[in-house]
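Okay, so here's the structure we're looking at.
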Amino acid sequence: MDAKPTILVAEKFGQAGLDLLKNFANVDCSYNLTQDELCTKISLCDALIVRSGTKVTREVFESSGGRLKVVGRAGVGIDNVDLSAATEHGCLVVNAPTANTVAAAEHGISLLTAMARNVAQADASIKAGKWQRNKYVGVSLVGKKLAVMGFGKVGSEVARRAKGLGMHVIAHDPYAPADRARAIGVQLVSFDEAISAADFISLHMPLTPATSKILNDEAFAKMKKGVRIVNVARGGVIDEEALVRALDAGIVAQAALDVFTEEPPPKDSKLVQHENVTVTPHLGASTIEAQEGVAIEIAEAVVGALKGELAATAVNAPMVPAEVLSELAPFVVLAEKLGRLAVQLVAGGSGVKSVKVTYASSRVPDDLDTRVLRAMIIKGLIEPISSVFVNLVNADFTAKQRGLHITEERILLDGSPENPLEFIQVQIANVESKFASAISITGEIKVEGMVKDGIPHLTKVGSFDVDVTLEGSVILCRQVDQPGMIGKVGSVLGEENVNVSFMSVGRIAPRKHAVMAIGVDEEPNKEALKKIGNIPAIEEFVFLKL
Ligand SMILES: NC(=O)c1ccc[n+]([C@@H]2O[C@H](COP(=O)([O-])OP(=O)(O)OC[C@H]3O[C@@H](n4cnc5c(N)ncnc54)[C@H](O)[C@@H]3O)[C@@H](O)[C@H]2O)c1
Ligand SMILES: O=C(O)[C@H](O)COP(=O)(O)O
């Protein structure tokens, strides 16, 4: 059997990225697949890499049968990937958010200048045997007002370049920090102010439900007569029929478009054929440099994700910097194991509905990112009792879907903030337990753990202090505290060839009830467990798999 993962590359992709992929996986480059062909192939693939030309729909995730672990979008816009479906299927989506920024900004500026000077129309006219110097008189850019709509990576690079051309740049972006705009001498204004004051409008926002057709009849009616529009963002942010009407009415003098609602646009599209419209076939990211950069960025992200590493460019999972993750690594293991232990202690049919997680740390909340820990606790809580595969991507979704309400609480300790966490406590409310001693005095199942020398330990069960490494499996016994108990249980396990890794006894007072926690490397058979149960001083016991 082939142990290498399989990566389907569904659109033309830079060679440097392909080389990286081929060092790690079987790479299937199949371009121009129909939706049906993609759905058929995907069940044999662990990862899929696309650009903007492939629709990664819910049907694709459903057809993958759970094998698809990561979708790499070799570019920025992820509007062609059904993110909800990806998340529901536990499939990570990564993009390459920075490598094509300059290429897109340069293309925006190319379209702006080419449109203002009728370059495309004049070129076509000469090639048609004409010499029309009077027809193609252009407009100047210097001193004109440019409204950049969406002041993110591309928008701000366009603004910088337009200022170099002597334009007066304003921007509209409800989420952009004003100081970033100020730093490049751009004033942030409202949507209406931007579109009504501009001689040129350049669009750089993502396509979302809020931006869909944001330039519509109503917006065009507010614009200066003779405004010129550039779109290198997404076709869907313009109501294309309304744009044709605005062009015909002379409100919009010219438009230069790299992107379309439907790509490729219909051959008889009135917009594309309009004489005042300049078009390119979604070329914003298509420079040699950008494509190499994007390919390397996405190949590294996809390979990393397939190796189980967290991606820095994850779109549907928490992005946790590598150094934070490496510091939290032992706590990630602890979190999952505490979740596993806690859920295995539940008895009765009421179901687990409410889980409280407490993080005790000397760090202020802003310095402690608990999203990964929460996801791992959810994984620990859900996986032992279902066939669902839970990961960082789908943990919150899966918990919500199962009606599992997780609350998180912080305890701020007065210690050294060098250690990210002192202990983690998991409590399950409103349930019975198959090990009554795991119920705390407040009535919840409670387990608590900490990391010692990089190794996760179970340190509390109910009200009892214990100390057992969370490796292998654990037997918990409640007994009447008396001499010789460790020896009795140890010899039963020894007779059955079960290796004990760790033992600890937690008691409330000498010679009263005590809880013994025993770490075992192997799973004891039924006979061994029965013999432990038959030791007279043992009042209850439970075997828990980690
Ligand atoms: N034509 C191409 O080949 C090409 C290449 C690269 C990027 N793009 C597209 O350009 C767009 C921008 O890319 P980016 O890398 O700059 O992304 P980005 O996320 O860095 O910037 C997008 C900005 O839009 C802003 N925004 C969101 N909603 C808005 C709204 N309602 N009004 C105004 N602004 C809003 C965001 O706050 C953000 O600052 C994306 O749609 C991307 O897909 C196209
Ligand atoms: O969002 C993007 O990155 C651009 O639209 C580029 O898309 P492409 O990868 O299909 O060129």
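The values are calculated or read from the model by the stated rules, or taken from the named source; none is laboratory data. These figures come from a predicted structure and were not determined experimentally. We place every Cβ from the backbone using ideal geometry, glycine too, and count neighbours over all the protein chains shown. Heavy atoms of the whole protein, side chains included, go into the accessibility calculation; ligands, DNA and RNA do not. Shrake-Rupley method; radii C 1.70, N 1.55, O 1.52, S 1.80 Å.
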(request) Determine ³J(HN,Hα), in whole Hz, for all residues of segment 483-493 in sequence, where each value follows from phi through the Karplus function 6.51 cos²θ - 1.76 cosθ + 1.60 and θ = phi - 60°; x replaces Gly and Pro. (result) x, x, 5, 4, x, 4, 5, x, 6, 4, 5
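Note down the magnitude of the dipole of segment 469-545 about its Cα centre, charges +1 on Lys and Arg C-beta and -1 on Asp and Glu C-beta and zero elsewhere, to the nearest 20 debye.
380 debye
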(message) For a Förster distance of 35 Å, can you work out the FRET efficiency between the beta-carbons of residue 387 and residue 465, rounded to the nearest 0.05?
(response) 0.50
(message) Can you tell me what share of the DSSP beta bridges in the chain is antiparallel? A percent to the nearest 5 is fine.
(response) 50 percent
(message) In Å and on Cα atoms, what radius of gyration and Dmax does segment 47-92 show?
(response) 9.5, 27
(request) Grab the Cα-Cα distance for residue 43 and residue 501, subtract it from 0.36 nm times how many residues apart they are, and report the gain in nm with one decimal. (result) 160.7 nm
(message) Just to confirm my numbers, what's the Cα centroid distance between segment 407-472 and segment 117-158 in Å?
(response) 66 Å
(request) Please work out the C-alpha center-to-center distance from segment 219-257 to segment 514-540 and express it in whole Å. (result) 76 Å
(request) Express the relative contact order of the chain as a whole percentage, based on alpha carbon pairs under 8 Å and six or more residues apart in sequence. (result) 11 percent
(request) Please give the contour-minus-distance gain from residue 410 to residue 326: 0.36 nm per residue of separation, less the Cα-Cα distance, rounded to one decimal in nm. (result) 28.1 nm
(message) Keeping every protein chain present and rolling a 1.4 Å probe, give me the accessible area per residue for segment 331-462 in Å².
(response) 43 Å²
(request) Straight distance only, please: which lysines reach the Cα of residue 12 with their own Cα at less than 19 Å, same-chain residues fewer than 8 apart left out? (result) 22, 41, 55
(message) Students often forget the sequence filter, so: which lysines lie under 30 Å Cα-Cα from residue 130 once same-chain residues fewer than 8 apart are removed?
(response) 225, 267, 270
(message) Could you work out the percent of alpha carbon pairs in the chain separated by over 43 Å, rounded to a whole number?
(response) 38 percent
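What part of the accessible area of the chain, given as a whole %, is carbon or sulfur when the probe is 1.4 angstrom?
The C+S portion of the solvent-accessible surface of the chain is 53 percent.
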(message) Just to be sure I understand the model, the point goes 7 Å from the Cα along the line to the Cβ. What's the resulting residue 178 to residue 534 distance in nm?
(response) 8.0 nm
(request) Could you count how many Lys pairs in segment 331-462 have their Cα atoms under 16 Å apart, skipping same-chain pairs fewer than 8 positions apart? (result) 16
(request) Compute log10 of I(q)/I(0) for segment 469-545 with the Debye formula, placing one identical point scatterer on every Cα and leaving out solvent, at q = 0.11, 0.19 Å⁻¹, to two decimals. (result) -0.23, -0.71
(message) Probe of 1.4 angstrom, ligands and nucleic acids ignored: what's the accessible area per residue over segment 100-279, in square angstrom?
(response) 48 Å²
(request) Do me a favour and compute the ellipsoid semi-axes for segment 311-385 from its Cα gyration tensor, root of five times each eigenvalue, largest one first, whole Å. (result) 25, 14, 11
(message) How large are Rg and Dmax for segment 1-123 when calculated on the C-alpha trace, in angstrom?
(response) 17.2, 61
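Tell me, in nm to one decimal, what length is gained between residue 221 and residue 123 on full extension, where the rule is 0.36 nm per residue of separation less the Cα-Cα distance?
32.1 nm
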(message) At 7 Å along Cα-to-Cβ for each site, give me the label-to-label distance between residue 33 and residue 133 in nm.
(response) 5.6 nm
(request) Would you pull out the residues with amide H under 5 Å of residue 234's amide H, same chain only if 5 or more places away, H placed 1.01 Å from N? (result) none
(request) Report the normalised scattering of segment 386-517 as log10 I(q)/I(0) at q = 0.09, 0.14, 0.20 Å⁻¹, calculated by the Debye formula with identical scatterers on the alpha carbons. (result) -0.36, -0.83, -1.31
(request) Starting from the Cα of residue 429, step 7 Å along the direction of its Cβ; do the same at residue 4; then give the gap between the two resulting points in nm. (result) 5.3 nm
